[in-house]
1. For region 31-37, just list the computed ³J(HN,Hα) in residue order, Karplus coefficients 6.51, -1.76 and 1.60, θ = phi - 60°, integers in Hz, with x standing in for Gly and Pro.
2. Which far-off residues, 5 or more places away or on another chain, put their amide H under 5 Å from the one on Tyr7, with H placed in the peptide plane?
Amino acid sequence: MTEKRDYTVPQAAKVFACSSGTVKNWIKAGRIRAYRLGGPLGRDYRIPWAEVDRLKSEWTYSPETEKAT
């Protein structure tokens with residue numbers, strides 16, 4: 001069985017094919033749950049794998065959806 005680990009911001013950005021800045025904006029807006037690691041600056045976030053799975057299941061792209069908007 002593979003161990004499920006939390007994602008870094010760049011790893012999550014790669015999953016969603018967006019920038020790290022976009023993922024950080026989602027975190028700040030409360031769209032995605034994340035926690036900060038300790039350290040002198042506390043800048044690093046980790047995103048639980050279950051949270052990424054939740055967003056992946058909610059976020060499906062289809063060309064028809066884009067045409068409708």
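1. 6, 10, 7, 8, 10, 9, 7
2. When sequence neighbours closer than 5 places are left aside, the close amide H contacts are Ile47, Trp49.
Values quoted throughout were computed directly from the atomic coordinates according to the rules given, and no laboratory measurement underlies them. Owing to the predicted nature of the structure, the values given are computational and were not obtained by experimental measurement.
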